[in-house]
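**Student:** This is the structure I want to talk about, given as structure tokens.
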Amino acid sequence: MKYVTKKKNREIWPDLEKSSWKSPDRITVSEWADGFRYLNPVTSAEPGKWKTFRTPYLKGIMDAFTDPYCEEITVMAASQVGKTEGMLNMLGYLIDQDPGPTLMVLPRESDAKSISYNRILPMIEGSEALKRHLPSLSDDITKLEYHLDRMILYFAGSNSPADLASRPIRYLFLDEVDKYPKFSGREADPIKLASERQKTFWNKKTVKVSTPTTREAYIYREYEKSDRSRYYVPCPHCGKYQVLMFSQIKWPKDERNPERVRNDALAWYECFYCKKHIKDHEKARILLSGRWVPEDADIDDKGKIHSDRSSAKHRGFSINSLYSPWLTWSDIASEFLRSKDYIELLMNFVNSWLAEVWEEKIEETSLDKVKSLSCDYDEGEVPDDCIVLTAGIDVQKDHFYFVIRGWGYYEESWLIHKGRVEYWDDIVDILFKTEYKKAGSNETLEVYMSCVDSGYRTDEVYAFTRKWHDRTKAIKGMEEIPGGRFYRASKIDINSRTGSTIKRGLVLWSLNVSQYKDKLNRLITSKDPKKWHIFKNPDEDYLEQLTSEHKVLIRNRNTGRAKEVWQKKKDALANHYLDAEVYALAAADIIRALNIRKDESVKVHKKIVEDEHSRHDWIRKREGRWI
Ligand SMILES: [Zn+2]
């Protein structure tokens, strides 16, 4: 047997963990690579002897290959972290240490030929440990098939099913799986075809590697099925272990020039916990102390992992370009600045740099865009074109967020007042005891109608809206209302004796929040003319909350049907003002204050609004037939 001793490698990895499963005469892939792998000067940025400590996160990935409990390895990674080299180390290891028939699948046959000829053959020829397994006859090596001394290595393109479905194999490598061409329903799934060939091997292994594309594509779905490990590194200041995230890379707020950010190294990494700066030169050290932590496990401040299970059959690793030893924080910030305004580039940045799936943003409101809607009037002041005021109240556990909006002609509107208060009495003051003064006259307006969310503290909200029933409505957000309607009213007070609804009982208004968010977004983004206004100098908190959601395409796993839904953005903290704006818009809709025509005098508008309101009252007075 050609196993090597571990002595040398122990020097490289002084704190090398001894896992209980490892048989005494087996070495791991990382130990093998440190001992025997040489990087080709033609293809490598750092030619010469392989050093795992340069990319310490690859150690856990590579060594999963020598974990006898692990059958499947999924690597969802950025393009500049060395994932292909890690995969080649596994291949080198198996050729030398644990041979078996192997198939490597690439997107197309030309890719397969290219990796075979440009990467793998040079790797074998460049290492003494591998070179000795080459056949004496050169005919035994073709671009798509190597007959080595103890095994056969096949290469195939995912687009050639005949090559995928022939001989049995023990090891299967699937590289860049998200680039495999789409196959039609009538053809067989190339990945399934290839893995069928492993059936006869009890000790088979499958390695899947790719930069991600979308949530529906192969690598993300496989990663979801795995133990979903992420690489945690300790902050050099506070010692807290954390995953490196793009949102923690910071640079001067007003700096938007990608060249300057990169050339002057303006970016830094801000520790998620202590907010101190982690410098580029500190990265190598924190990477060395890093640990892979599965999603269902925890890591404490000493770097000890707490988990209920010892090892998973399917290990999954996700790693972004922030970990790359070849990139600085400023390189990454600069790439983002270069890409952010172009959808194709941004998509590439998200996939290939952040190693995240691209969520199709169908509608997007940015903070800057919304900020540009602020006009020259003060908070609390009512612009002259306002005809009626509505309000939205988002109810939280021990406080409220409110928004008051004034509506004019043709859906034009102005933010009048907004804030956070603690008590119901404050809400009463704002809604019913305050008169909002118009800028150019002595005319004042009161809040005509408001919507109060009843999702939280439902009984209190019902009591409040019962008391103020002519000027406020209890509402409930829904994902969908049959018939594609925006709202639906239903009586909820039941006569306990007869079981029928009470005539003058409380009405609960169900709102289709997705549709209202769509409408709100259309109003916010309306350009010519601008329809949606904010008073001058709105605070960041309001703007951030207002833009806290985006619309994404979600596919139902069972039915395969895609659906657009509004979702909180990954880095968003709160969305209460957005909800409050949605409710204020719904209130305007309910009293038909949207689309008031310009040829109607203010008096007429008021009449319309009042008529509309009394119509609801009138309906309320009748039996519950009106739903
Ligand atoms: Zn820290």
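The values are calculated or read from the model by the stated rules, or taken from the named source; none is laboratory data. Fair warning: this is a prediction, and the values are worked out from it, not measured in the lab. Cβ coordinates were reconstructed from backbone atoms using ideal geometry, including for glycine residues, and neighbour counts include every protein chain displayed. Side chains are part of the model used for accessible areas, which takes the heavy atoms of the whole protein and leaves out ligands, DNA and RNA. Shrake-Rupley method; radii C 1.70, N 1.55, O 1.52, S 1.80 Å.
**Student:** May I ask you to list the residues of the stretch 387-421 whose amide nitrogen lies under 16 Å from a point 7 Å from Cα along the Cα→beta-carbon direction of Thr525?
**Tutor:** Answer for the stretch 387-421: none.
**Student:** Still on this model: Could you give the nm distance between label points at Ala574 and Lys302, where each point is 7 Å from its Cα heading toward the beta carbon?
**Tutor:** 3.8 nm
**Student:** Treating only the Cβ of Lys, Arg, Asp and Glu as charged (+1, +1, -1, -1), what charge dipole size does the chain show about its Cα centre? Round to the nearest 20 debye.
**Tutor:** Details: 104 positive and 99 negative charges, 314 e Å.
I would put it at about 1500 debye.
**Student:** Continuing with the same structure: With the cut-off at 24 Å, report for the stretch 311-427 the share of all Cα pairs above it, as a whole percent. Present the calculation step by step, with values, prior to reporting the outcome.
**Tutor:** Details: 3889 of 6786 pairs.
In whole percent, the share of Cα-Cα pairs in the stretch 311-427 beyond 24 Å is 57.
**Student:** What translational diffusion coefficient, to the nearest whole µm²/s, does the chain have by Stokes-Einstein, given a Kirkwood radius computed over alpha-carbon pairs, a temperature of 25 °C and 0.890 mPa s viscosity?
**Tutor:** On the way: Rh = 28.7 Å.
So the translational diffusion coefficient is about 85 µm²/s.
**Student:** Follow-up question, since we're still on this one. So for the stretch 138-295, Kirkwood radius off the Cα pairs, Stokes-Einstein at 25 °C and 0.890 mPa s: how many µm² s⁻¹? It would help to have the intermediate numbers written out before the result.
**Tutor:** Working: Rh = 19.8 Å.
Translational D for this selection: 124 µm²/s.
**Student:** Quick one: which of Lys438/Lys527; Lys467/Lys491; Lys302/Lys569 span more than 20 angstrom between C-alpha atoms? Kindly include the intermediate steps, with their values, before the conclusion.
**Tutor:** Details: Lys438/Lys527 25 Å; Lys467/Lys491 16 Å; Lys302/Lys569 32 Å.
Pairs exceeding 20 Å: Lys438/Lys527; Lys302/Lys569.
**Student:** Keeping all protein chains in place, calculate the accessible area per residue for the stretch 276-388 (probe 1.4 angstrom), answer in Å².
**Tutor:** Working: 5660 Å² over 113 residues.
Per residue, the stretch 276-388 has an accessible area of 50 Å².
**Student:** Suppose accessible area is computed on protein heavy atoms with a 1.4 Å probe; arrange Trp202, Trp353 from highest to lowest.
**Tutor:** Working: Trp202 215, Trp353 30 Å².
The ordering from most to least exposed comes out as Trp202, Trp353.
**Student:** Tell me which residues come under 5 Å, amide H to amide H, from Glu564 once H is placed; ignore anything under 5 positions away on its chain.
**Tutor:** Ile554
**Student:** If you take every DSSP beta bridge fully contained in the chain, what fraction is antiparallel? Give it as a percent rounded to 5.
**Tutor:** The antiparallel proportion sits near 50 percent.
**Student:** Another question, if that's okay. Which net charge results when you count Lys and Arg as +1 and Asp and Glu as -1 among the other residues whose beta-carbon is under 11 Å from that of Ile299?
**Tutor:** Numbers: positive: Arg230, Lys240, Arg291, Lys302, Lys304; negative: Asp298, Asp300, Asp301.
Result for the local shell: +2.
**Student:** Just the number please: accessible area per residue for the stretch 153-222, 1.4 Å probe, all protein chains included, in Å². Could you put the intermediate results ahead of the total?
**Tutor:** Details: 3280 Å² over 70 residues.
Heavy-atom SASA per residue in the stretch 153-222 reads 47 Å².
**Student:** With everything on Cα atoms, drop me the angle between helix 513-525 and the longest principal axis of the chain, reported from 0 to 90° to the nearest 10.
**Tutor:** Roughly 90 degrees, rounded to the nearest 10.
**Student:** Right, another one. Considering every Cα-Cα pair within the stretch 166-225, what fraction, in whole percent, is farther apart than 12 Å?
**Tutor:** Working: 1235 of 1770 pairs.
Here the tail beyond 12 Å accounts for 70 percent of pairs.
**Student:** Which percent of Cα pairs goes in each bin when the distances of the stretch 248-373 are cut into 5 angstrom slices starting at zero?
**Tutor:** The percentages, shortest bin first, are 2, 8, 14, 18, 19, 15, 11, 8, 4, 1, 0.
**Student:** I want to verify the translational diffusion coefficient of the stretch 486-526 in µm²/s; compute it with Stokes-Einstein, Rh as the Kirkwood radius over Cα pairs, at 20 °C and 1.002 mPa s. Mind dumping the intermediate values first?
**Tutor:** Working: Rh = 12.3 Å.
Once the numbers are plugged in, D ends up at 175 µm²/s.
**Student:** Considering only the stretch 454-527, what is the antiparallel percent among its DSSP beta bridges, to the nearest 5? Provide the component values of the computation, followed by the final result.
**Tutor:** Working: 6 of 11 bridges.
If we restrict to bridges inside the stretch 454-527, about 55 percent are antiparallel.
**Student:** What FRET efficiency do you get for Arg167 and Met478 if R0 is 45 Å and r is their Cβ-Cβ distance, rounded to the nearest 0.05?
**Tutor:** Computed FRET efficiency for Arg167 and Met478: 0.20.
**Student:** Run the reach check for Lys240 against aspartates and glutamates, Cα to Cα strictly under 16 Å, same-chain hits fewer than 8 apart removed. What comes back?
**Tutor:** Answer for Lys240, where 16 Å is the Cα cut-off: Glu270, Glu282, Asp298, Asp300, Asp301, listed by chain and number.
**Student:** What residues qualify as long-range amide H neighbours of Ile534, i.e. H under 5 Å apart, gap of 5 or more or another chain, H built at 1.01 Å from N?
**Tutor:** Ser374, Cys375, Leu415
**Student:** What is the angle, in °, between the Cα long axis of helix 83-97 and the longest principal axis of the Cα atoms in the chain? Nearest 10 is fine, range 0 to 90.
**Tutor:** Tilt of helix 83-97: around 30 degrees.
**Student:** To continue, here is another question. Could you derive backbone 3J(HN,Hα) for the stretch 216-223 from the dihedral phi with the Karplus parameters 6.51, -1.76 and 1.60 (θ = phi - 60°), listing whole Hz in sequence and x where the residue is Gly or Pro?
**Tutor:** 8, 7, 4, 5, 5, 5, 5, 4
**Student:** While we're looking at this one, here's another question. Would you calculate the separation in nanometres between label points at Trp326 and Tyr69, each defined as 7 Å from the Cα along the Cα-to-beta-carbon direction?
**Tutor:** Calculated label separation equals 3.4 nm.
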